[in-house]
There are 2 protein chains.
Amino acid sequence: MGNIGVHLIADLYGCDFDKLNNQSFLRSTLTTAAQVAGCRILSVNFESFEPQGQTGVVIVAESHLSIHTYPEFGYAATDLFTCGTQTMPWIALSSIIAALSPSRHEVKEIKRGLSNLI
Amino acid sequence: MGNIGVHLIADLYGCDFDKLNNQSFLRSTLTTAAQVAGCRILSVNFESFEPQGQTGVVIVAESHLSIHTYPEFGYAATDLFTCGTQTMPWIALSSIIAALSPSRHEVKEIKRGLSNLI
């Protein structure tokens, strides 16, 4: 009896415009976060928007990590969903926060698949 | 003043094993969901697991839709994050639920980026 995984939903405010619009930086940030969480990376997928904004999703064997940025608002939405007991989503989130240095952030932790499944 | 987007976090229980393990079916389900929500699809990314299980993420201009399935538990975790006022994430979720026919589901709606940003 337990849950399938943990899903962290985080809003980061007051981030630097240039960091939020730098796909290379965000790609490195998100893959590092996956690695320090103990996840096995399967694919890294990014898209850029005009005049600004980036979206990235890292698919891992244990689910996914995503980031969507709004440089014009200094805002990034990230969510980290990791399944299993061997992964550390909070470590991943700390790594992202350290990289983006938001002035403020809000996090919700949601336990997924709570239903006597496992 | 408002929020950047809406994030639906849904757990679907009691789904059919074969549907949950059918990447082609899930690909169609998730892209249809994105379309009926009014999203613009940018990429569709799936991974298969052994002995079973599928992960899919559709990146859309308005953020992302994901699904992670555990056929052995009849369980699917889906999350639909859509930004802007022109998209309809609840319609997308209804479409996924209609396709997967869970015996039970739980949904959380999270408003993202609430901070006088826009």
Where A meets B: accessible area buried, both sides, 1.4 Å probe, Å² | 2900 Å²
Take the Cα atoms of chain B, build their convex hull, and give its volume per residue in Å³.
-> 86 Å³
Principal-axis tilt of helix A:23-36 within chain A, Cα atoms, nearest 10 degrees | 20 degrees
So how far apart, in nm, are the two label points at B:ARG40 and A:SER103 if each is 7 Å from Cα heading toward Cβ?
-> 3.1 nm
For A:LYS108, go through the lysines and keep the ones whose alpha-carbon is under 17 Å away, minus same-chain ones fewer than eight residues off.
-> B:LYS108, B:LYS111
Between B:SER48 and A:SER24, with labels modelled 7 Å along Cα→Cβ, what's the label distance in nm to one decimal, could you check?
-> 3.7 nm
Helix B:89-100 sits at what angle to the longest principal axis of chain B, using alpha carbons and giving 0 to 90 degrees rounded to 10?
-> 10 degrees
Using a 1.4 Å probe on protein heavy atoms, which residues of segment A:64-85 have at least 10 Å² less accessible area in the complex than alone?
-> A:HIS64, A:HIS68, A:TYR70, A:PHE73, A:TYR75, A:ALA77, A:ASP79, A:PHE81, A:CYS83
The protein assembly as shown - accessible surface per residue (Å², probe 1.4 Å) = 40 Å²
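Please grab the % of Cα pairs in the protein assembly as shown that end up more than 30 Å from each other.
17 percent
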Whole-angstrom gap from segment A:11-33 to segment A:56-86, using each part's C-alpha centre = 11 Å
Give the peptides B:33-46, A:55-68 in descending order of average Cβ contacts within 10 Å, highest first.
-> A:55-68, B:33-46
Probe 1.4 Å, all protein chains in place: accessible area of A:LEU114 in Å², nearest 10?
-> 90 Å²
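The values are calculated or read from the model by the stated rules, or taken from the named source; none is laboratory data. Bear in mind that the values here come from a model prediction, so they are computed numbers and not experimental data. As a convention, Cβ positions derive from the backbone with ideal geometry for all residues, glycine included, and neighbour counts pool all protein chains shown. When the accessible area is computed, the model is the full protein with side chains, heavy atoms only, and any ligands, DNA or RNA have been set aside. Shrake-Rupley method; radii C 1.70, N 1.55, O 1.52, S 1.80 Å.
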